[in-house]
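Asker: Take this structure, written in structure tokens, and hold onto it; I'll ask about it next.
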Amino acid sequence: MSETKRPGLWPVMLTPFTDGGEVDYASLERLIDWYEKGGATGLFADCQSSEIFFLSLKERAEIASFVAGHAHVPVIASGHVSESFSDQLEELKLIASSGVGALILITNRLVGAGRQNESIMPRVREIAREIPDIPLGFYECPYPFKRLITLEELERCRDMGRFRFMKDTCCDIDTITRRLNVLKGSEFGLYNANTTTLLESVKRGAAGFSGVMLSFHPALYKRMFELMDTEGAKAEELQSFLTMFSEIERQYYPVNAKYFLKGEGVLASAYTRTKPAEGLTPTFMEEVRQLKLAQDALLAAY
């Protein structure tokens, strides 16, 4: 999923719900449009931000199909959450048939908790055999535990020729650089999930950004990338604001992101299945209000 021009923006999509807890497809359609107008070059459906561990397989497949059918940009999806590998294969086969452009493998699903030192390659190869003809990718999902891909695994997957996308969550520029050296010259694009290291990683060859904050202000990330080549100092200045803004993801996400998007008229409800909506305190709401003021000021200034 490498980009041909500017670095790409791949939001990790939220799943809108009604106040009663059902998937809200009218809001999902508006959300797709909002991401695209904000500068998204692709959409990552059925990820942790989508609350996949709290969605049924039927819901995951329907969401992937809906996004693929309504988006005007490429769509990728994950969605395998089971402990049993045989169950994961069935989940992945269904998601692969939904019309998405690439199937993203969650690294912590490929090895069990407490077995992080085991290689993921046997299961990667089996998935590739069982599900041919669709590009693959990786997502270093931090829940229920983070399993980072090794350089040896990355090299072997590069050589398979099937891999196009990696959502990197290591948050370490030295590790990212070593990974980029492995991927150099291939179609296997690394997308950083961390704002702090984002600009430097792109300068070193990262394909773009795939992070939580694209559900708050994708247009600011788009603007930062536009400034990179012509006004580098301004791009770095803007990144410093974005890094500070990104701390809000530690403050009751994804409820706060849904609360923000409800205020923008995109979502009908801030309901999530992962956390009770009433946990969004008045202070958290005020943080969202102040973030909105700050990001609007930056959009005007830059």
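The values are calculated or read from the model by the stated rules, or taken from the named source; none is laboratory data. Quick caveat: nothing in here was measured; it's all calculated off a predicted structure. Here the Cβ positions follow ideal geometry from the backbone for every residue, glycine too, while neighbour counts run over all protein chains shown.
Asker: Could you tell me whether Tyr253 is of a type outside the set (D, E, K, R), closer than 30 Å to Ile176 by Cα and buried (at least 16 other Cβ atoms within 10 Å of the Cβ)?
Answerer: yes
Asker: Okay, moving on. What are the residues in the stretch 94-127 that are under 27 Å from Glu62 (Cβ atoms), touching a helix residue (DSSP H, G or I) at 6+ places or on another chain (Cβ under 7 Å) and buried (at least 17 other Cβ atoms within 10 Å of the Cβ), if any?
Answerer: Leu94, Ile95, Ser98, Val100, Leu103, Leu105, Arg109, Leu110, Arg123, Val124, Ile127
Asker: Determine, yes or no, whether Ile149 is β-branched (Val, Ile, Thr), within 21 Å of Leu14 (Cβ to Cβ) and in contact (Cβ under 8 Å) with a residue 40 or more places away in the chain.
Answerer: When the stated conditions are applied, Ile149 does not pass them.
Asker: Please go through the stretch 204-256 and pick out each residue that is within 18 Å of the chain's Cα centre (by Cα) and without any contact (Cβ under 8 Å) to a residue 24 or more places away in the chain.
Answerer: Glu247, Arg250
Here is a yes/no grid of residues against (1) within 22 Å of Ala297 (Cα to Cα); (2) at pLDDT 95 or above:
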residue: Thr169; (1), (2): no, yes
residue: Arg179; (1), (2): no, yes
residue: Ala235; (1), (2): yes, yes
residue: Gln239; (1), (2): yes, yes
residue: Tyr253; (1), (2): no, yes
residue: Leu261; (1), (2): yes, yes
residue: Tyr271; (1), (2): no, yes
residue: Ala277; (1), (2): no, no
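Asker: Which of the residues spanning the stretch 136-180 are out of contact with any helix residue (DSSP H, G or I) (no Cβ under 7 Å at 6 or more places or on another chain), part of a helix (DSSP H, G or I) and closer than 22 Å to Glu126 by Cβ?
Answerer: Within the stretch 136-180, Glu152, Asp159 meet the criteria.
Asker: For Leu242, which of the numbered conditions (1) closer than 26 Å to Leu267 by Cβ; (2) surrounded by fewer than 16 Cβ atoms within 10 Å (Cβ to Cβ); (3) among the hydrophobic types (A, V, I, L, M, F, W, C) fails to hold?
Answerer: In the conditions (1) closer than 26 Å to Leu267 by Cβ; (2) surrounded by fewer than 16 Cβ atoms within 10 Å (Cβ to Cβ); (3) among the hydrophobic types (A, V, I, L, M, F, W, C), Leu242 misses (2) alone.
Asker: Taking the criterion of being among the β-branched types (Val, Ile, Thr), closer than 19 Å to Cys47 by Cα, touching an Asp or Glu at 6+ places or on another chain (Cβ under 6 Å) and at pLDDT 95 or above, would at least one residue in the stretch 75-96 satisfy it?
Answerer: no
Asker: Can Leu293 be described as farther than 23 Å from Leu148 by Cα, over 17 Å from the mean Cα position of the chain (by Cα) and in contact (Cβ under 8 Å) with a residue 60 or more places away in the chain?
Answerer: Against the criterion (farther than 23 Å from Leu148 by Cα, over 17 Å from the mean Cα position of the chain (by Cα) and in contact (Cβ under 8 Å) with a residue 60 or more places away in the chain), Leu293 does not qualify.
Asker: If we scan the stretch 62-71, do we find a residue that is touching a helix residue (DSSP H, G or I) at 6+ places or on another chain (Cβ under 6 Å), of a type outside the set (A, V, I, L, M, F, W, C), in contact (Cβ under 8 Å) with a residue 12 or more places away in the chain and crowded, with 23+ Cβ neighbours inside 10 Å?
Answerer: Checking the stretch 62-71: not a single residue is touching a helix residue (DSSP H, G or I) at 6+ places or on another chain (Cβ under 6 Å), of a type outside the set (A, V, I, L, M, F, W, C), in contact (Cβ under 8 Å) with a residue 12 or more places away in the chain and crowded, with 23+ Cβ neighbours inside 10 Å.
Asker: Going through the stretch 189-235 one residue at a time, which ones are hydroxyl-bearing (Ser, Thr, Tyr), over 30 Å from Glu155 (Cβ atoms) and either in contact with a Phe, Trp or Tyr (Cβ under 8 Å, 6 or more places away or on another chain) or in a helix (DSSP H, G or I) (or both)?
Answerer: Scanning the stretch 189-235 gives a single hit, Ser215.
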